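Written out below as structure tokens is the structure these notes cover.
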Amino acid sequence: MEFFLVDSDKLKVSLTRKDLEEMGIRYESIDYSDENTRKALVSLLEKGRAQTGFNPRRAKLYIEVFPSQDGGCVIYYTRLQGGEVFAAGRFVPGPSPVVFAFDSTEALIQACSGAKRRYIHRILRSSLYLLEQQYRLVIWPLDYSDHGSVLYFSEYGRPVGEGAVLAAFTEEHGKLLICQNAIETLAELEG
């Protein structure tokens, strides 16, 4: 269980499969109308407040839940400033993967280095493949509202497309180079 203060209005909580089991919930069954889910979300918010200082100060909160690769999930608590409207109880599916092609190692490493500094909190996970003599970076972006991470990678690589089918095609036909945390791993290589 990890708590990260993204900014003064947003708290990120990363939970493993074991964390969810200990709370008696599963990602697939998270439902705010369920009493056990509500208790878990409130408990996590309190722990996050104690560990990071996140304080929504009686503001309305927008809660987003995304699956993680290990069977856990990532929860974002966002304090609303007013004027934002979200349908009550709306289920937001996990992020759709986006695939980028890079012709050179230098461009790939430079893109990942910058992304680690600016956008890593907006990307659920990333993996790297070699396909058709090009590096293929697959990212699962979390920034639905402004697509900042996708636009950033578009400056360095060519967007191939998005969606689970394209990611599965890349996984099936490409040579796996880095299974997860590709951005962080490649950013370490910049010299």
Based only on other Cβ atoms within 10 Å, what is the fewest-to-most ordering of Thr170, Thr105? Thr105, Thr170
Nearest-0.05 FRET efficiency for Ser154 and Lys47, computed from C-beta distance (R0 41 Å): 0.65
Just the number, please: Stokes-Einstein D of the chain in µm²/s, Kirkwood Rh from C-alpha pairs, 25 °C, 0.890 mPa s. 138 µm²/s
Search the structure for amide H atoms under 5 Å from the amide H of Ser68, placed 1.01 Å from N in the peptide plane, and list their residues when 5 or more places away or on another chain. Cys73, Val74
Each residue of the range 121-131 in turn: what ³J(HN,Hα) in whole Hz from Karplus with 6.51, -1.76, 1.60 and θ = phi - 60°, glycine and Pro shown as x? 6, 9, 10, 5, 7, 8, 9, 10, 9, 10, 8
Exposure proxy check: Phe54, Phe66, Phe153 ranked by fewest other beta carbons within 10 Å? Phe66, Phe54, Phe153
Anisotropy class of the range 2-79 from Cα gyration tensor, a/c 1.5 cut: prolate
Packing-based exposure ordering (other Cβ within 10 Å, fewest first) of Leu124, Leu137, Leu80: Leu80, Leu124, Leu137
Give me the net charge of Thr52's neighbourhood, meaning all other residues with Cβ under 12 Å from the Cβ of Thr52; Lys, Arg count +1, Asp, Glu -1. +1
Net charge within 15 Å of Lys175 by Cβ-Cβ distance, Lys/Arg positive one each and Asp/Glu negative one each, not counting Lys175 itself? -2
Out-of-range pairs (alpha-carbon distance over 25 Å; input Lys18/Lys116; Lys18/Lys39; Lys116/Lys175; Lys18/Lys47; Lys12/Lys116): Lys18/Lys116
In nm, spacing of pseudo-spin labels at Asp7 and Leu176 (7 Å Cα→C-beta vector): 3.6 nm
The range 104-178: D in µm²/s via Stokes-Einstein (Kirkwood Rh, Cα pairs, 10 °C, 1.306 mPa s)? 125 µm²/s
Sites Glu132 and Glu106, calculated FRET efficiency, Cβ-Cβ separation with R0 30 Å, nearest 0.05: 0.95
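Just so you know, all these numbers are worked out from the coordinates, no wet-lab data involved. Note that the structure is predicted; figures quoted are calculated from it, not measured. Heads up, the Cβs are rebuilt from the backbone with ideal geometry, glycines too, and the neighbour counts pull from every protein chain shown.
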